[in-house]
Amino acid sequence: MTVHRKIEKFLRATRMPPTKFGRLAVRDPRFVLDLRLGREPGPQITARVEAFLAEQKRIRQQESVR
């Protein structure tokens, strides 16, 4: 699964606005819009996004246990 697809899936599941995701994950509020327009993230940005998604998954799992 591409990083773009993972982001879109995350946004649908969490109902997080794309600009908020971009700010939190990579400090770029236009990140998701740029992806939608064809931007290809480099390896460092991809790693930051993957780390952000993993952390959010961990947090959501902890919250569901409570």
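Tabulated results
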quantity	calculated
For PRO29: the one exception among (1) in contact with a Ser or Thr (Cβ under 7 Å, 6 or more places away or on another chain); (2) assigned to a helix (DSSP H, G or I); (3) of a type outside the set (Ser, Thr, Tyr)	(2)
Qualifying residue in the stretch 38-47 (condition: hydroxyl-bearing (Ser, Thr, Tyr) and surrounded by 10 or more Cβ atoms within 10 Å (Cβ to Cβ))	yes
Selection from the stretch 37-47 of residues that are assigned to a helix (DSSP H, G or I) and under 11 Å from VAL3 (Cα atoms)	PRO43, ILE45, THR46, ALA47
Failed condition for GLU50, given (1) loosely packed, with under 13 Cβ neighbours inside 10 Å; (2) in a helix (DSSP H, G or I); (3) not hydrophobic (A, V, I, L, M, F, W, C)	(1)
Whichever residue in the stretch 1-23 is of a type in the set (A, V, I, L, M, F, W, C) and surrounded by 14 or more Cβ atoms within 10 Å (Cβ to Cβ) and, among such residues, is farthest from GLN61 (Cα to Cα)	VAL3
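Throughout, read-outs are computed from the coordinates displayed, never taken from laboratory work. These numbers come from a predicted model, not from an experiment. No Cβ is skipped: glycine too gets one built from the backbone with ideal geometry, and neighbour counts run over all protein chains shown.
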